[in-house]
1. Using the Cα atoms of the chain to build a convex hull, what is its mean projected area in square nanometres?
2. What is the set of long-range amide H partners of ASP74 at a cut-off below 5 Å, with H atoms built 1.01 Å from backbone N?
3. Grab the other residues whose beta carbon is less than 12 angstrom from that of ALA162, score K and R as +1, D and E as -1, and report the net.
4. Which residue, GLY20, GLY86, GLY193, tops the fluctuation ranking in a GNM of the chain built on C-alpha contacts under 10 Å?
5. Label the range 72-175 by shape, choosing from rounded, prolate and oblate, from the square roots a ≥ b ≥ c of the eigenvalues of the Cα gyration tensor; if a/c is under 1.5 it is rounded, and otherwise prolate applies when a/b is larger than b/c, oblate when it is not.
6. In the neighborhood of GLU98, defined by Cβ-to-Cβ distances under 14 Å, what is the net charge if each Lys or Arg adds +1 and each Asp or Glu adds -1?
7. Using a 7 Å offset from the Cα along the Cα-to-Cβ direction at both LEU224 and ASP140, what is the distance between the two label points in nm, to one decimal?
8. Restricting to lysine pairs 8 or more places apart or on different chains, what number in the range 68-205 have Cα atoms under 27 Å apart?
Amino acid sequence: MTQLHDESPAARRDAAFALGQLGPAAQGAAPELAKLLKDPDAGVRRSAASALGRIGFAAKDVVPDLAKLLKDPDARVRRFAAFALGGLGPVAQGAAPELARLLKDPHKDVRGSAALALGGLGPAAQGAVPELVKLLKDPDADVRGPAAFTLGQIGPAAQDTAPELARLLKDPHKDVRGSAASALDQLGPAAQGAAPELARLLKDPDADVQRAAAYALAEIAEGLSDKNEQGS
C-alpha cells in the first residue's frame, strides 16, 4: 500500500487499480483508498473510486466520500464514482439523491452511469423515477437503456412507467429494446398493456431481445394467473 502515497500520480493510480483487481480481498485498503478520493490528480480519484466499487460491501463506510465525488468537476470522476456506488448496492442508498441529480448531467456517459448505479440500489432509488422516465427519451441509446433497466430494478414503485417502457420496445437499438423488455418483465402484471408489443418482439431480429420479450410475457401471464386465483 506504500505506493498509494507515492509522489508520482501514475504510481498512485496503478496502485489503486491493482487493489481494485483484488476485489473484496483488498478491504483492508479501503481507508487509504478513501483518502485518494481527494487526490489532486483526477486519474487517481477515478482509480480510487473504481477500486472501492470493486471491493464492494466491505467498503460501505466510504459511501459518503464517494457521494461527494459525484460533484467532482471532472466528468470521468463523476462517472467512476457513480459506478462505484452502484457496485456497492443497497448499502449506498444514502447516495440516491446525489445520483438522481446526475441524471441531468450534461455528459451522456455520466447520465448513463448514474442511471445504471441507481439500478444497483433497487427500491431505494424510487425517488428518481420521474427523472428516469425523462431519460427514456434521451437522444443517446446508452442512456435510454440503463434508465429502462433501472426502472425494472426499482420494481413496484415504478409500475406506472409501463406505458413509457412499452414505447421503447420499438426503439431502433436492440440493447434498448432488450432493456425495456427486461424491465417490463420485472413489473409483471402491471405491464400487461405492453403484451401486444412484447409479442411482436418474439420475431425481433436479435435473439436476446426475443428471449427478454418471452420472459416478460411469461411473467405477465403468471402474475395475472396468480391474481385471478387469489380473487376467486
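1. 13.5 nm²
2. none
3. So the environment of ALA162 carries a net charge of -3.
4. Maximum fluctuation in the GNM of the chain, among the listed residues, is at GLY193.
5. Because a/c hits 1.5 or more and a/b fails to exceed b/c, the range 72-175 counts as oblate.
6. My count for the surroundings of GLU98 gives +3.
7. Each label point is offset 7 Å from its Cα along the Cβ direction, giving 3.8 nm.
8. Lysine pairs meeting the criterion: 22.
Where a number appears in this text, it was derived from the coordinates with a stated rule and is not lab data. These numbers come from a predicted model, not from an experiment. Virtual Cβ from ideal backbone geometry, glycine too; neighbours counted across all protein chains shown.
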